[in-house]
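The values are calculated or read from the model by the stated rules, or taken from the named source; none is laboratory data. Remember, predicted model here, so these are calculated numbers, not experimental data. Because the Cβ atoms are built from the backbone with ideal geometry, glycine has one as well, and the counts that use them run over all protein chains shown. All accessible areas refer to the heavy atoms of the entire protein, side chains included, with ligands and DNA or RNA removed. Shrake-Rupley method; radii C 1.70, N 1.55, O 1.52, S 1.80 Å.
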Amino acid sequence: HLPYTKGLFIALLLLMPMGMQAYDLEVDGIHYNLVIGDEITLEVTSIEDSGDITIPESVTYKGRECKVTKIGDNAFKNRKDLTKVNLPKTVTSIGDDAFYGCANLTYIEMPNVQEIGYDTFCNCTSLISKKIPDGATFTGDFTNCTNLTSIDIPNSVTDMGDFTKCTSLTSMTIPSSVTNMKNLVDCPNLSELIFEDGSQAI
């Protein structure tokens, strides 16, 4: 059956459109994929611009206004040309590795994010402070965020990410809601670690 299978594969390749893109649409330098559910929403897959970036709340697609609700896996990974990213209130989810390696990123606004993926903020070496939004249950990972001095963790968080080599971190308060922690290894300036009453983190 090998010749038939090979022939079918070649035929399928010939039927594919030339210059197939890795995203469904592009608007103002931002690439999106469609997410089909009860309503059509959009997931950011990558961007063309650099510097300060603002993601819109919605984009018009075929005459329909579609909300932007997610930042996809690897969307901004290793983008050393980004300095600030502002996410709208409509974005509730950030995928794995979304901001990994954004070495010059100093600020991320994410007012309503509830789901944060793994390794999301690792190697963001210029990030100084971070506030995790109310409602999020996982902080995300901050490995090698060498300039991170503080992080604000709400009572909704149950899982702490990896803070290995956060060499500028001086203090941290663990809410009573936290039941699981990863690493706080190689944080030489962490002089104050407070566990709120009722914490089961250790």
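For region 168-178, taking the residues that are assigned to a loop (DSSP other than H, G, I, E, B) and farther than 15 Å from Asn155 by Cβ, the one that is least open to solvent (accessible area, probe 1.4 Å) is identified as Leu169. If we scan region 55-68, do we find a residue that is buried (at least 20 other Cβ atoms within 10 Å of the Cβ) and over 24 Å from Glu39 (Cα atoms)? Among the residues of region 55-68, not one is buried (at least 20 other Cβ atoms within 10 Å of the Cβ) and over 24 Å from Glu39 (Cα atoms), which makes the answer no.
For region 179-189, residues that are modelled with pLDDT under 95 and open to solvent by less than 60 Å² (accessible area, probe 1.4 Å) total 2.
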